[in-house]
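The structure appears below as structure tokens.
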Amino acid sequence: MHNETNMNSPAPQSGLLDRSDTRVKHANNLGDVIRAFFDRVKSGDLGSSPVIVGLIVIWSVFTFLNPLFVTPNNLVNLLFDCSTVGVISLGVVCVLMLGEIDLSVGSMSGVGSALIGVLWVNQGMPLPLANLAALSVGAVIGSVYALLRTQLGMPSFVSTLAGLLALLGLQLYMLGSTGSINLPYGSSMVDFGQLLMMPAWFSHAIALLPGAAILLMGLRTRAHRSAANLSAGSVSGLVLKAVATTIAFEAAIFYLNIGRGVPWMFGLFALLVVGMNYVFTRTKWGRSVKAVGGNAEAARRAGINVTYTYLTSFALCSLLASLGGILSSARLASASQQAGTGDVNLNAIAAAVIGGTSLFGGRGSAWSALLGIIVIQSISNGLTLLNMSSSLRYMITGCVLAIAVIVDSLARQSRVSHGRA
Amino acid sequence: MTTAPLSQSEAKSQPILSLRGISKNFGAVQALTDIELDVSPGEVVALVGDNGAGKSTLIKVLSGVHAPTSGTIHFENKQVDMQSPSDALDLGIATVFQDLALCENLDVVSNIFLGQERNPWHLDEVSMEVRSWELLNELAARIPSVREPIASLSGGQRQTVAIARSLLLNPKIIMLDEPTAALGVAQTAEVLNLVERVRDKGLGVIMISHNMEDVRAVADRVIVLRLGRNNGVFSPDSSNEELVGAITGATDNAVTRRASKRAAAMQIQG
Ligand SMILES: Nc1ncnc2c1ncn2[C@@H]1O[C@H](COP(=O)(O)OP(=O)(O)OP(=O)(O)O)[C@@H](O)[C@H]1O
Ligand SMILES: [Mg+2]
């Protein structure tokens, strides 16, 4: 498709299409790439570097205080715990990208788990159907928030705060006087939440994928770009990245397989993260979400259906919250009044922010849910190993969240002053 | 494009866009009152007026950003009712807004293709980047990298990106709200060249500018707005006094007073 408006366009400059401005330093070798990375970080484009640094510090401290922390089986447990809240956090990323918030994800996950208990255990509905029902309820509730926001201009902060209470009430109402419904041990559901591990060979095979994907997709993009007369990165850099990724993943998988192995539930979470990352970076919808989060009026004038973007993001957020609730009911083998209460809500939101998704909208990634939740669960797991009470756990998690938000705000200020807001 | 450039007389008989009695209220503020405006294919209409005269508001009505309070819009001889900016884009009305309406957090390519991405389920970044460079080169843009967020660009560079974006969709009419306000000499010349190229292809152009030199250079007709009302249609050859008089609404105005003061000063010196 070529635009006819471009007639007698000036002759293109010689050389590569995107390398005509001589003032720009381009990273050509590995040293340049690394220098460019540090320049980016200095200007406030932090990406996930602070959280990775934070994670290394946290793990070192806990291992120093109690070597049990890094035992393979403890890490396997950590992965189980990450999966449930992590899925909720992934949903939170969707609304944070819009510059909105959903404070009711915890209650929503409680409703999800209660629905599984009531529909599957009490009413005898087939499991897939009960799951579908719980997810649909999530989608509907998210859509309601979006409509309140777009049609009535109600800030999502307020509508979801109201939703937090209302959904908690719904959860308590559904669970009735007993207050808790046990899911049958030995059912596929509970096995998935507590026992099912990937076979060792399978997990090792999976661990090859990221490196292979980096290499193959990188080479393909390279070929396309050079065919289109655009600059293309170096092959050696690509190979290096792929090899490093593969070694890191294989080593991690090897270590986990010394213990119980890699939980299927974590596999599901990782798959969702990868899927959402694709959606955010490579689809039109993901681009619209970022655009609306960055400048909603500009997005509207560019012809983006802002209402639809809000609707789908909020629906997806509540749907994922409901899924997180389902997973946690499987993990605990029960749907109880406690599900989704306490720190679940704030952990899910904190994870997204700690992982590097900005509270100010338009900036973030699906990976932040994964990285952030590992930080949060590491703290909680490590403190439990040290026999610390939950009071201390809350205080420390609160401080970490505060630090993450401070880093976010400072990075934003730095971006503004470096012209990268 | 198959449509041959229309001759002026042919063009005048068939306006591509015509407004009748357009009014727009913002609460108590009557920003536009009974505006009449025709644009023919292959015609450049300059819209001039003082600050707050309602020029941008008129552009926003035509681009579907604001719904008019009353009045009718005919586009290609059909009455149209634009509910949203996407309706206007679908009709073939492209706009460069005064505030540019760019997403600062996205890079140049994403902004140019915003809402029009190629391959929605697997964005074709390479072809979008190539097309972006073509559009930008056409405008003699000086942009270091199209993969940096817009926030890192200068004001003029942003303006060029906004103009490039408006060319993307083969529009039938292009509206430029002060397109050269922040541009350098070469870039301004390129934009004026572009306006002429677009006109020669038979597209309609509405250009807002405070720079009378630019207006004279490309406009076929100059329409003056004053306090939200039509205040005369002028040929680009009309004298400065005439235009300034219509814009400010008085023959005795700040501009003429300055001019006569200067003249007096020169006389004393000379
Ligand atoms: N969204 C709005 N709400 C209320 N009033 C508005 C709005 N937009 C514009 N106005 C008012 O409408 C009038 C016309 O504004 P407009 O932006 O069209 O002026 P303009 O001719 O483009 O001026 P300039 O040359 O300064 O760009 C002004 O008095 C302004 O205050
Ligand atoms: Mg204006």
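Mind checking whether some residue in the stretch B:36-56 is of a type in the set (Lys, Arg), within 16 Å of ligand 1 (Cβ to nearest atom) and either within 14 Å of chain A (Cβ to nearest Cβ) or in a helix (DSSP H, G or I) (or both)? Don't jump to the end; show me each part of the working.
Of the stretch B:36-56, the ones of a type in the set (Lys, Arg) are B:55.
Retained after the next criterion (residues that are within 16 Å of ligand 1 (Cβ to nearest atom)): B:55.
Those left that are additionally either within 14 Å of chain A (Cβ to nearest Cβ) or in a helix (DSSP H, G or I) (or both): B:55.
Checked the stretch B:36-56: at least one residue is of a type in the set (Lys, Arg), within 16 Å of ligand 1 (Cβ to nearest atom) and either within 14 Å of chain A (Cβ to nearest Cβ) or in a helix (DSSP H, G or I) (or both).
Take the stretch A:329-351 and flag every residue that is under 14 Å from A:MET189 (Cβ atoms) and in contact with an Asp or Glu (Cβ under 9 Å, 6 or more places away or on another chain). Of everything in the stretch A:329-351, those that are under 14 Å from A:MET189 (Cβ atoms) and in contact with an Asp or Glu (Cβ under 9 Å, 6 or more places away or on another chain) turn out to be A:ALA330, A:ARG331.
Name the residue that is farthest from A:SER113 (Cα to Cα), counting only residues in the stretch A:182-240 that are part of a loop (DSSP other than H, G, I, E, B) and hydroxyl-bearing (Ser, Thr, Tyr). Before the answer, list the steps.
Quick first cut of the stretch A:182-240, residues part of a loop (DSSP other than H, G, I, E, B) only: A:183-187, A:195-196, A:198-199, A:228-234.
Filter once more, keeping what is hydroxyl-bearing (Ser, Thr, Tyr): A:185, A:187, A:231, A:234.
Details: A:TYR185: 16, A:SER187: 16, A:SER231: 51, A:SER234: 49 Å.
Among residues in the stretch A:182-240 that are part of a loop (DSSP other than H, G, I, E, B) and hydroxyl-bearing (Ser, Thr, Tyr), the one farthest from A:SER113 (Cα to Cα) is A:SER231.
Only one residue in A:LEU129, A:LEU170 is part of a helix (DSSP H, G or I) and surrounded by fewer than 13 Cβ atoms within 10 Å (Cβ to Cβ). Which one? Steps first, answer last, please.
Working: A:LEU170 fails: surrounded by fewer than 13 Cβ atoms within 10 Å (Cβ to Cβ).
Only one candidate passes the filter, namely A:LEU129.
Entry remark, the stretch B:58-88: residues being over 24 Å from B:GLY202 (Cβ atoms), away from chain A (no Cβ under 14 Å) and within 16 Å of ligand 2 (Cβ to nearest atom) number 0 in total.
Taking the stretch A:319-354 as the range and being touching a Gly at 6+ places or on another chain (Cβ under 6 Å) and within 16 Å of A:LEU78 (Cβ to Cβ) as the test, the residues that pass are A:ARG331, A:ALA351, A:ILE354. Applying the set (1) under 19 Å from A:VAL85 (Cβ atoms); (2) of a type in the set (A, V, I, L, M, F, W, C); (3) surrounded by fewer than 24 Cβ atoms within 10 Å (Cβ to Cβ) to A:VAL118 leaves exactly one unmet item: (1). Against the list (1) touching an Asp or Glu at 6+ places or on another chain (Cβ under 8 Å); (2) of a type outside the set (Lys, Arg); (3) within 12 Å of ligand 1 (Cβ to nearest atom), the condition B:GLY71 fails is (3).
Within the stretch A:200-233, the residues that satisfy the criterion of being touching a residue at least 24 places away in the same chain (Cβ under 8 Å) and more than 14 Å from every other protein chain (Cβ to nearest Cβ) are A:ALA200, A:SER203, A:HIS204, A:ILE206, A:ALA207, A:LEU208, A:PRO210, A:GLY211, A:ALA212, A:ILE214, A:LEU215.
All of (1) outside any helix (DSSP H, G or I); (2) at pLDDT 95 or above hold for A:VAL111 with one exception: (1).
Among the residues of the stretch B:129-144, is any touching a strand residue (DSSP E or B) at 6+ places or on another chain (Cβ under 8 Å), at pLDDT 90 or above and surrounded by 20 or more Cβ atoms within 10 Å (Cβ to Cβ)?
Within the stretch B:129-144, the subset touching a strand residue (DSSP E or B) at 6+ places or on another chain (Cβ under 8 Å) is none.
No - not one qualifying residue is present in the stretch B:129-144.
The residues of the stretch A:263-274 that are in a helix (DSSP H, G or I) and either touching a Cys at 6+ places or on another chain (Cβ under 6 Å) or in contact (Cβ under 8 Å) with a residue 60 or more places away in the chain (or both), listed by number, are A:TRP264, A:MET265, A:PHE266, A:GLY267, A:LEU268, A:PHE269, A:ALA270, A:LEU272, A:VAL273, A:VAL274.
Of A:SER358, A:SER328, A:SER378, A:SER409, which residue is among the hydroxyl-bearing types (Ser, Thr, Tyr), within 18 Å of A:VAL41 (Cβ to Cβ) and assigned to a helix (DSSP H, G or I)? Outline the logic, then answer.
Details: A:SER358 fails: assigned to a helix (DSSP H, G or I); A:SER328 fails: within 18 Å of A:VAL41 (Cβ to Cβ); A:SER378 fails: within 18 Å of A:VAL41 (Cβ to Cβ).
After applying the criteria, what remains is A:SER409.
The listed residues are A:ILE304, A:ILE258, A:ILE326, and the only one of them that is touching a residue at least 12 places away in the same chain (Cβ under 8 Å), of a type in the set (Val, Ile, Thr) and closer than 30 Å to B:VAL65 by Cα turns out to be A:ILE304. The criterion of at least 2 residues that are at pLDDT 75 or above and of a type in the set (Lys, Arg) is met, among helices (runs of 4 or more DSSP H) falling completely within the stretch B:207-270, by B:254-269. Can you tell me which residue in the stretch A:280-295 is nearest to the other protein chains (Cβ to nearest Cβ), limited to those that are free of Cβ contacts under 8 Å to residues at least 60 places away in the same chain and part of a helix (DSSP H, G or I)? Looking at the filtered set, the residue picked out is A:LYS284. Against the test of being farther than 30 Å from A:ASN295 by Cα and among the charged types (D, E, K, R), the options A:ASP81, A:ASP39 yield a single qualifying residue, A:ASP81. Summed over the stretch A:296-313, the residues that are within 7 Å of chain B (Cβ to nearest Cβ) and among the hydrophobic types (A, V, I, L, M, F, W, C) give a count of 4.
Filtered by the rule that a residue be more than 13 Å from the chain's Cα centre (by Cα) and at positive phi, the stretch B:160-210 gives B:ASN170, B:GLY202.
Working only within the stretch A:361-375, note down all residues that are part of a loop (DSSP other than H, G, I, E, B) and either over 10 Å from the mean Cα position of the chain (by Cα) or under 17 Å from A:VAL407 (Cα atoms) (or both).
Within the stretch A:361-375, the first condition is being part of a loop (DSSP other than H, G, I, E, B), and the residues that meet it are A:361-366.
Across the stretch A:361-375, the qualifying residues are A:GLY361, A:GLY362, A:ARG363, A:GLY364, A:SER365.
Search the stretch B:97-134 for residues being among the hydroxyl-bearing types (Ser, Thr, Tyr) and within 8 Å of another protein chain (Cβ to nearest Cβ), and hand back the single one that is farthest from the chain's Cα centre (by Cα). So the residue we want is B:SER127. Once the stretch B:160-197 is narrowed to residues that are assigned to a loop (DSSP other than H, G, I, E, B) and within 16 Å of ligand 1 (Cβ to nearest atom), the residue that is modelled with the lowest pLDDT is B:ALA182.
The values are calculated or read from the model by the stated rules, or taken from the named source; none is laboratory data. Remember, it's a predicted structure, so these values are computed and weren't measured experimentally. Note: ideal-geometry Cβ built from the backbone for every residue, glycine included; neighbour counts use all protein chains shown.
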